[in-house]
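Here the structure comes first, spelled out in C-alpha cells, and everything after it is commentary.
The values are calculated or read from the model by the stated rules, or taken from the named source; none is laboratory data. All values reported here derive from a predicted model rather than from experimental measurement. Each accessible area value is taken on the protein alone, full model and side chains, heavy atoms only, with ligands, DNA and RNA left out. Shrake-Rupley method; radii C 1.70, N 1.55, O 1.52, S 1.80 Å.
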Amino acid sequence: MSKLLYAAAVFSALATAGMMKQHEEHMTFVSADAAKKTVTLKGADGKESTGPMLNDMTMKAAMMLKPGDKVKVMCDDDDKGNHKGVSAVSMDK
C-alpha cells in the first residue's frame, strides 16, 4: 500500500473512531511559511487566519500555491470542535 493511501486509511479510521473530526473549507490562499509550518488563508468574509499545517504533504502543496488562489482545505478539529490545523490543501475546482 502506498504511503498516501496508508495515511488516508489511518486518518479515516481515526475520524470514524471519533478521535478526530474534520471539516472542509473553501478559502483564498494568502501565504505559507515553511519555517513555521503555517498557512494564512482568507475566508469568504475577507478575514485572514493563520494556522499550522499538520503534515509535510500539506506544506509541500501549500508552497506551490500563489496568493489569490482559490483553495479547498481540510481542517482537523479535536473532539470538542476546536480547530487544530490544516491537514490538506488543494486548488478549488
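Annotations
- Remark on the range 22-93: hydrodynamic radius 11.9 angstrom, per the Kirkwood mean of 1/r across alpha carbon pairs.
- Cα-based reach from Lys66 at 25 Å (exclusive), listing lysines while leaving out same-chain residues under 8 positions away: Lys36, Lys37, Lys42, Lys47, Lys84, Lys93
- With DNA, RNA and ligands ignored, accessible area of Lys21 (1.4 Å probe; Å², nearest 10): 100
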